[in-house]
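Reviewing the structure listed below.
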Amino acid sequence: MKFGLIASLTIAAALVTGCSGVKTPKAELADHDSDHNIPAIDNMIVEMKQAYIQKCYLPIANRKPPENACQSELFQMLERRYHLDFNQNHVAMASNDLFFKDIDVEIRKMMRTDPEVREALRSGAFTSSDEMISYYKEKYKFDTQLEQY
């Protein structure tokens, strides 16, 4: 009886300790030079990243069971790559892959529909749509150099 209680308390303490070490990523506007400043794209990415952090990233980083498609996709990618031995840096790396698939789609839509984005491509700020997407992926990536507690 005592052993069962001690084991339960140890597991509970380990779970609480493991979860307390998760550092919440930031979703804030990036700095750009004047040629690469496109507020419409920045605002869209920050809004989507804030939602992604809350709906996908944090629940999985805190090792909660997946409750939606986004969490399931992230968890499955982590499980394939690292089995169940993943940490927050792994979550960040996988999130960079998954989150930016959606950002890629949204930026390409904006290239067709938003005059400000089309003008940035025409003005020579970016040599191609792929360069533009790559630029924003770099500016808004999840930090993979997090300290592990």
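Values as computed for the structure displayed
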quantity: Hits in the range 48-72 - residues which are free of Cβ contacts under 8 Å to residues at least 12 places away in the same chain and either among the basic types (Lys, Arg) or closer than 30 Å to residue 121 by Cβ (or both); calculated: 51, 64
quantity: Residue in the range 98-120 that is open to solvent by less than 60 Å² (accessible area, probe 1.4 Å), modelled with pLDDT of 95 or more and in contact with a Pro (Cβ under 7 Å, 6 or more places away or on another chain) present; calculated: no
quantity: Candidate set: the range 6-41, residues that are at pLDDT 85 or above and small (Gly, Ala, Ser); chosen: the one farthest from residue 127 (Cα to Cα); calculated: 27
quantity: Check on residue 142, among the aromatic types (Phe, Trp, Tyr), under 24 Å from residue 51 (Cα atoms), in contact with a Pro (Cβ under 9 Å, 6 or more places away or on another chain) and in a loop (DSSP other than H, G, I, E, B); calculated: yes
quantity: Matching residues in the range 93-127 - criterion: being under 30 Å from residue 79 (Cα atoms) and of a type in the set (A, V, I, L, M); calculated: 93, 94, 98, 103, 105, 107
quantity: Answer residue from the range 73-90, given it is assigned to a helix (DSSP H, G or I) and in contact (Cβ under 8 Å) with a residue 40 or more places away in the chain and is farthest from residue 128 (Cα to Cα) among those; calculated: 88
quantity: Out of 56, 70, sole residue that is at pLDDT 95 or above, more than 19 Å from residue 23 (Cβ to Cβ) and assigned to a helix (DSSP H, G or I); calculated: 70
quantity: Candidate set from the range 19-43 (those that are among the aliphatic types (A, V, I, L, M) and part of a loop (DSSP other than H, G, I, E, B)); member that is most open to solvent (accessible area, probe 1.4 Å); calculated: 29
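The values are calculated or read from the model by the stated rules, or taken from the named source; none is laboratory data. All of these numbers come straight from a predicted model, not from anything done at the bench. Please note: Cβ atoms are built from the backbone with ideal geometry, for glycine as well, and neighbour counts cover all protein chains shown. For accessibility, only protein heavy atoms count, side chains too; no ligands or nucleic acids. Shrake-Rupley method; radii C 1.70, N 1.55, O 1.52, S 1.80 Å.
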